[in-house]
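Colleague: My questions will all concern the structure given below.
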Amino acid sequence: MADGAFRFHQPGAGQFYPNQQHTAHRNLNRPTSPPPGSRRPFNADTPSPSRSPVNPSQNNNFNMYSQNGYQNQHGLMTSTQNHQRYGNIHMPKYQQPHHGHHNVNQHHPQHHHAGQLGHQHNLSSGGFQSSTPHLPPYGHDHLQNGNGNGLPHDEPEEPDNEHWREQKQCWEESKELNGPNQRARSVAHQTKGVNYVPLGAAAEEIHADNRGTVATTNGTAPSKQTWDELDLGGQGLCALSPVLFNPTYNFLKRLDLVYNQLETLPREIGQLKNLEHLDVSFNQLTELPEEIGMLSNLKHLLLFNNHIQSLCYEVGFLFKLEMLGIYGNPLEQGQRDKISEGGTRKLVEYLRESMPEPKAPRDREWHELEDVSGGDDQDTIKTITYNILCDRYATPSYYGWVPERVLGWSYRKTLIIEELRDLRADIICLQELDRTSYDDFFRPELAASGFKGYYGQKGRAETLGESAKFVDGCGTFWKDKKYILLDSHHLVLGRKAVERPGAKASADMLNRVWQRDDIATVVFLENRVTGARLIVANTHLYWDPAFKDVKLIQAAVMMEEITKLSEKWTKFPPATNKQVFRFSDSEDEPAPEPGPSLSYAQGNQIPLIIAGDFNAATGTAVYDLFTKKGMGADHSDLIGRDYGAFSRAGMSHQFTLKSAYAQIEDEMPFTNYVPHYVDILDYIWYSSNSLRVVGLLGQIDPEYLKQVPGLPNFHYPSDHISICAEFKVEKQRNVQKAVEADFGPSSKK
């Protein structure tokens, strides 16, 4: 019923419609643009532009909506001329039958008087009379107030520059979509009835970010559709169905809502994250929802001829926006000046950089899986892993939705260190930590909190000289009062892959694996009090999704090296000096009494934690390698590749590993959150035969994320989030204390 009286043709009436008393013909001479300063006499009966007017005329008895706002949209008239018929609005553009023209003044780019008229498509500022009842129900009340172009009476002189001319040109194009489904009809006519309009290769293109994540919003490949545009223009819509915003329509790239009666856009509009073109021109909007900032792929946002006085700051998140159409809105002077002087990008940048800090989210929930508060905390191990986003990678060109002051390292590093301190962990594993940040900031800051650390850089640092300080790597920190470092190793995984026994210097091994300088660090710790030993590996695997085989080889090589080290460390001698260094004997807290070192018969009995950014989602080959203890040579990621023994016999390891978050997997939907990718890439693996999970850090507040297109932001300083797990050391039957031999009293003399 949205089309009112003209939804159905009257049988036998041809192109005539009920209760239309006089005949005039449509003017097909299209004008250019509205005059900048046209004015009309004040009409005391003119309703407010923020409300739907009631048509004072009693002539239109058959219209569904007795609205006066549809005048002068499909015909030309003076105050004494009414139309009885006009071209069929359901016919494609330029297909209306030709009729003789009335002797009326044509629209010219100059000031008009009340008796002058223009074609409805250009929304001329000529006077519109309230006595004409025949126009269709997708007109607009704001055409009756002030200028026909929707501008207020006190609109200043229009600027004359390329940016404002671009606004007017785009406005001209948008206003022609005035009929019901006009764009869809025009496209269908141009393509001779073909329903689907190919958008070219770009429509099928899938991009990858600098960590190799597929450009989707939910971690899965986008489903292929035979159509990705929806035209709801000219329907007289006052509201939008919630069905439009469910995941079924997440594939939409273009949505046309022009020439309707929408006063608001629903907040759920932010769920259509693949939209590239949104046209809501010629409606009744007074503001945009804050969720508009979630449409990070948006390139065209057209708001022509609405009642918007101020754009929300969240428009600043739309870093891909190429055209923001605001012509015909009473936009406040500051924002208007920005777009007229510098164009769309200047206004978007202005809104982003002037954005105030939003309300902080709720604290992330701590999931207590087992109550260990009454036990000895010496038997627990609280571990954090965190990809902190290296300063060199945090560029405005890639993280375009982030205000520069928030993206800056000085702002982000402060949030990172505060978060690490608040979590009160025993072990901290950081990735994308460059040498300068380690030496000048994190090592001294964490030392003040009682931590010691071990750091390893990516392999390229060895050849870069002074520039090596900007190369990132992995840093592992441990609570010095609780643990003592026994041994440490820095593994350049590509180099280790080539050096391993049975390795073949094949083209794949050299060109795909050896050239990647991704690393892992491994530290061997001992608890000062209990004597229990612990292996902690910290890694950051290669990012590119086109190199799934490389990530798998890197993970397999790392597990081989950890296996070798664990066997070696079963023979590691007992620690002799486990006293914590004290600055003075007057310290209040008494020093714990150190216990004897524990020995382990086999390497897989030593408690093991492997943490880091694996750049691999659940269900991938890398994930299966850890959970299934190995991978066959026939795996699809290895097909067609020559990796020597790996390609012949597959790969395996001896540890029984589980993901710490496996118990609440549904409650941790992602660890990496950017506009084009949301999924789990970071893990804390643990040896389930020697450790058990007793607590986990939960997800970010989902309500908060409804207005966050991506990280980092004001409250979360990296595109990854930290994950934290607390473990309890299991008692092992075959673990024996390493005691010193007793040769009797004579040996102690």
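Bear in mind these aren't lab numbers, they're just calculated from the coordinates by the rules spelled out. This is a predicted model, so every value here is computed, not measured. Counting neighbours? That spans all protein chains shown, and the Cβs are built from the backbone with ideal geometry, glycine included.
Colleague: What FRET efficiency comes out for Arg405 versus Ile664 if R0 is 35 angstrom and r is the Cβ-Cβ distance? Round to the nearest 0.05.
Modeller: Working: r = 35 Å, r/R0 = 1.00.
Working from the Cβ atoms, E equals 0.50.
Colleague: If I stretch the segment between Lys320 and Ala360 completely, what's the gain in nm (0.36 nm per residue apart, minus their alpha carbon distance), one decimal?
Modeller: On the way: separation 40, 0.36 × 40 = 14.40 nm, distance 2.61 nm.
Full extension of this stretch gives 11.8 nm more.
Colleague: How much length is gained if the chain between Gln333 and Phe251 is pulled fully straight, taking 0.36 nm per residue apart and subtracting their Cα-Cα distance, in nm to one decimal? Write down the numbers at each step before the final one.
Modeller: Values: separation 82, 0.36 × 82 = 29.52 nm, distance 3.65 nm.
Answer, rounded to one decimal: 25.9 nm.
Colleague: So how far apart, in nm, are the two label points at Arg392 and Arg692 if each is 7 Å from Cα heading toward Cβ?
Modeller: Each label point lies 7 Å from its Cα, and together they span 4.5 nm.
Colleague: Can you give me the distance in nm between label points at Ala448 and Ser241, each placed 7 Å from the Cα along the Cα-to-Cβ direction?
Modeller: So the two model labels end up 6.0 nm from each other.
Colleague: For the ranges 273-282, 594-603, what's the packing order if you count other beta-carbon atoms within 10 Å of each residue, average per peptide, and put the highest first?
Modeller: In descending order of packing, they fall as 273-282, 594-603.
Colleague: Between Leu510 and Thr264, what is the FRET efficiency for a Förster distance of 60 Å, r being their Cβ-Cβ separation, to the nearest 0.05? Kindly include the intermediate steps, with their values, before the conclusion.
Modeller: Numbers: r = 60 Å, r/R0 = 1.00.
After rounding, the FRET efficiency stands at 0.50.
Colleague: Please report, in debye to the nearest 20, how large the charge dipole of the range 511-584 is about its Cα centre when each Lys and Arg carries +1 at its beta carbon and each Asp and Glu carries -1 there. Don't jump to the answer; show the numbers that get you there.
Modeller: Numbers: 11 positive and 8 negative charges, 78 e Å.
In debye, rounded to 20, the range 511-584 gives about 380.
Colleague: What are the residues whose amide H is under 5 Å from the amide H of Glu730, where those residues sit 5 or more places off or on another chain and H is modelled from the backbone?
Modeller: Amide H neighbours of Glu730: Leu691, Arg692.
Colleague: What is the sum of charges around Ser310, taking Lys and Arg as +1, Asp and Glu as -1, for the other residues whose C-beta is under 9 Å from the C-beta of Ser310?
Modeller: Details: positive: none; negative: Glu287, Glu332.
Spelling it out: positives minus negatives among the neighbours equals -2.
Colleague: Under 12 Å Cα to Cα from Lys728, which aspartates and glutamates show up? Leave out anything in the same chain fewer than 8 places away.
Modeller: Straight-line reach from Lys728, under 12 Å: Glu370, Asp371, Asp376, Asp377, Asp379.
Colleague: Report ³J(HN,Hα) in whole Hz for each residue of the range 642-652, in order, from the Karplus equation J = 6.51 cos²θ - 1.76 cosθ + 1.60 where θ = phi - 60°; Gly and Pro get x.
Modeller: Per-residue couplings from phi come out as 10, 10, x, 4, 4, 6, 8, 10, x, 8, 7 Hz.
Colleague: Among the lysines, select those whose C-alpha is under 22 Å from the C-alpha of Lys320, and discard any that sit fewer than 8 residues away in the same chain.
Modeller: Cα-Cα hits under 22 Å: Lys168, Lys253, Lys273, Lys299, Lys338, Lys346, Lys706.
Colleague: A further question on this structure: Quick one: go through the range 542-559 and flag any residue whose amide nitrogen is under 13 Å from the point 7 Å out along the Cα-to-Cβ line of Thr627.
Modeller: none
Colleague: How many percent of all Cα-Cα pairs in the range 290-401 sit more than 21 Å apart?
Modeller: For the range 290-401, the fraction of Cα-Cα distances above 21 Å is 54 percent.
Colleague: Please work out how much length the chain gains when fully extended from Arg424 to Ser373, using 0.36 nm per residue of separation minus the C-alpha to C-alpha distance, in nm with one decimal. Can you show the working numbers first?
Modeller: Values: separation 51, 0.36 × 51 = 18.36 nm, distance 1.47 nm.
Using 0.36 nm per residue and subtracting the Cα-Cα distance, I get 16.9 nm.
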